[in-house]
Amino acid sequence: MPRAIWLPVLLATLLLATPAQATAVKKLSDADLVRDAKLIARAECLSVSTEWGPERKRIFTRIRFAVTATLKGGERTSLEVLLPGGQRDGLSYVVHGMPEFRPGEEVVLFLTGAHKKSGICVPVGLGQGLYRIKREHGKKAAAVRDTRSLLLVESGQSPRQGGLERLDLDELLTTVKSEVARQKKAKQSKVGDK
C-alpha cells in the first residue's frame with residue numbers, strides 16, 4: 001500500500017475503534033467507591049421497566065432487585081433503583097455511561113443516595129459502581145466491571161478510555177468489606193477525637 005494512503009487508513013481505523021459517545025468521569029479507587037456509596041449491595045435483578053418522568057419530558061428506567069447481601073447501608077431484602085434513560089413509546093433517552101440491567105443477572109452495586117426531588121440514585125461513578133457477577137462451570141464466580149463507555153479522568157493526566165476488569169468475586173467482596181470497616185473505624189476515631 002502506498003505510504004500516502006496507509007497513514008489516512010490507519011488514522012481512520014483508530015478513530016473508528018474508539019466509542020462514538022463516552023462520558024468523562026473522575027476515576028475512582030476502591031476507597032472512593034466505598035466512601036461515596038450510600039448503599040453497597042449484592043443483588044439479583046428481578047425486573048426492568050421504563051416510564052415517563054413528569055410532564056413526559058424524560059424517560060426513566062426502574063429496576064427492581066432482590067438483595068442477597070448488604071455490604072454498606074441499611075439491611076434490606078429488596079431494592080428499587082430509578083435511573084435516567086431508557087426507551088419508551090418508540091423514543092430513546094440516552095445517558096452515555098449509565099449501566100443497563102437485565103432480569104436474572106447478579107450484580108454488586110455501589111449506589112449514591114436518592115436525589116431529594118427525583119428519587120434517582122445512580123451507580124457511583126456510573127459504570128465504575130457496578131460489577132456483574134459471572135459464573136462459568138467449574139470456575140469460581142467472577143465480578144466484571146465494564147467502563148468502556150467512560151473516559152476516566154485522573155488529576156494531572158489525560159483522560160483514558162475505560163475497559164473491562166475481571167476480579168474474583170470473593171476477593172472483591174473481601175476488599176469491599178475491609179474498606180467499609182476501615183472507613184467506619186476512621187470516622188469513629190474522628191468523632192472520638194472531637
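Structure above, values below:
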item: Conditions (1) open to solvent by less than 60 Å² (accessible area, probe 1.4 Å); (2) modelled with pLDDT of 95 or more; (3) out of contact with any helix residue (DSSP H, G or I) (no Cβ under 7 Å at 6 or more places or on another chain); (4) more than 20 Å from Gly86 (Cβ to Cβ); number of the one not met by Lys134; result: (1)
item: Residue count for the range 81-113, restricted to those that are closer than 27 Å to Leu169 by Cα, surrounded by fewer than 16 Cβ atoms within 10 Å (Cβ to Cβ) and either over 13 Å from the mean Cα position of the chain (by Cα) or free of Cβ contacts under 8 Å to residues at least 24 places away in the same chain (or both); result: 5
item: All positions within the range 78-130 that are of a type in the set (A, V, I, L, M) and in contact with an Asp or Glu (Cβ under 7 Å, 6 or more places away or on another chain); result: Val124
item: Count of the range 68-111 residues which are aromatic (Phe, Trp, Tyr) and part of a strand (DSSP E or B); result: 2
item: Filter result (open to solvent by less than 40 Å² (accessible area, probe 1.4 Å) and polar (S, T, N, Q)) within the range 51-71; result: Thr61, Thr70
item: Glu165 of a type in the set (Asp, Glu) and open to solvent by 70 Å² or more (accessible area, probe 1.4 Å); result: no
item: Failed condition for Val180, given (1) farther than 19 Å from Ala31 by Cβ; (2) surrounded by 14 or more Cβ atoms within 10 Å (Cβ to Cβ); result: (1)
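The values are calculated or read from the model by the stated rules, or taken from the named source; none is laboratory data. What you are looking at is a predicted structure, and each value in this text was computed from that prediction instead of being measured. In this analysis, Cβ positions are derived from the backbone assuming ideal geometry, glycine residues included, and neighbour counts consider all displayed protein chains. Surface accessibility is based on the protein's heavy atoms, side chains included, excluding ligands, DNA and RNA. Shrake-Rupley method; radii C 1.70, N 1.55, O 1.52, S 1.80 Å.
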